[in-house]
Amino acid sequence: MLISFITFIAMQPNIEQLKATYKNLPSDKLINLAISEAASLRPEAFEILKTEIKSRGLDNDITNGIDAQFIDTTSLAFDDYVLLIRSQPCPVCNSAKQPLNAVVIGTVKSFILLTRYKRKLMIACPTCLQQANQKGTSTTALLGWWGLPWGIIRSAQALTGNMKANKKIRANEPSDTLIAFIKTNIGVIEGVRTNQQSLQLMLDSVNKR
Ligand SMILES: [Zn+2]
């Protein structure tokens, strides 16, 4: 049934007819089509399918799933996205000598009852990551402990987290944080990957968040 439906779409390039066809499909068929066949659809058909799924309020995850599937078959493999991001010049120091990585750096500042725990995602070369990590650690060591009881608890958490981050920076393998970042933002990366300036802007804006 699904195959004959695809053939039907291939034979009917008319956008209005396509819209009507998707509208008349029951939701389960629509989801099935989206998940199993999205990659073989023409781009216009794919967009109409996405619009119909959204207008019915079907799960956002399905749309994201289609995006990922679509990218897998028509674009770079996931490892190539990792290589692409890692080979960019460092958004902090502009050096392209070392592959980039990402870690979350914790900083705690306290004042009596007030404790502020900031966890910041950073993408940069190992040298810049290490400097930022060191800064987060010394700020926490100096200013984190003075709140009760959260200053002490959060400071311990931040210092442990930063120690783990430091190990990841030294290991020089792509960190879990970097992999997760690329997975979440693969649509955006795909959109800007041929434009060096936009790629730099994206990485820079991550560090400024
Ligand atoms: Zn750097």
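Amide H contacts of W146 (H built 1.01 Å from N, in plane; Pro and chain starts excluded): S110 sit under 5 Å, all sequence-distant by 5 or more or on other chains. Note on segment 74-149: with charges restricted to the Cβ of Lys and Arg (+1) and Asp and Glu (-1), its dipole about the Cα centre is near 360 debye.
For segment 165-177, 3J(HN,Hα) computed residue by residue from phi via the Karplus equation (6.51, -1.76, 1.60; θ = phi - 60°) reads 4, 4, 4, 5, 4, 5, 5, 6, 7, x, 6, 4, 4 Hz, glycine and proline entered as x. Among 97-105, 79-87, sorting by the average number of other beta carbon atoms lying within 10 angstrom of each residue, highest first, gives 97-105, 79-87.
Could you pull out the pairs from K54/K118; K120/K167; K54/K208; K50/K118; K19/K183 whose alpha carbons sit more than 28 Å apart here? Pairs exceeding the cut-off: K54/K118; K54/K208; K50/K118; K19/K183.
Every number in this text was worked out from the coordinates using simple rules, so none of it is lab data. The structure displayed is predicted, hence computed values, not measured ones. Cβ atoms come from the backbone with ideal geometry, glycine included; neighbour counts cover every protein chain shown.
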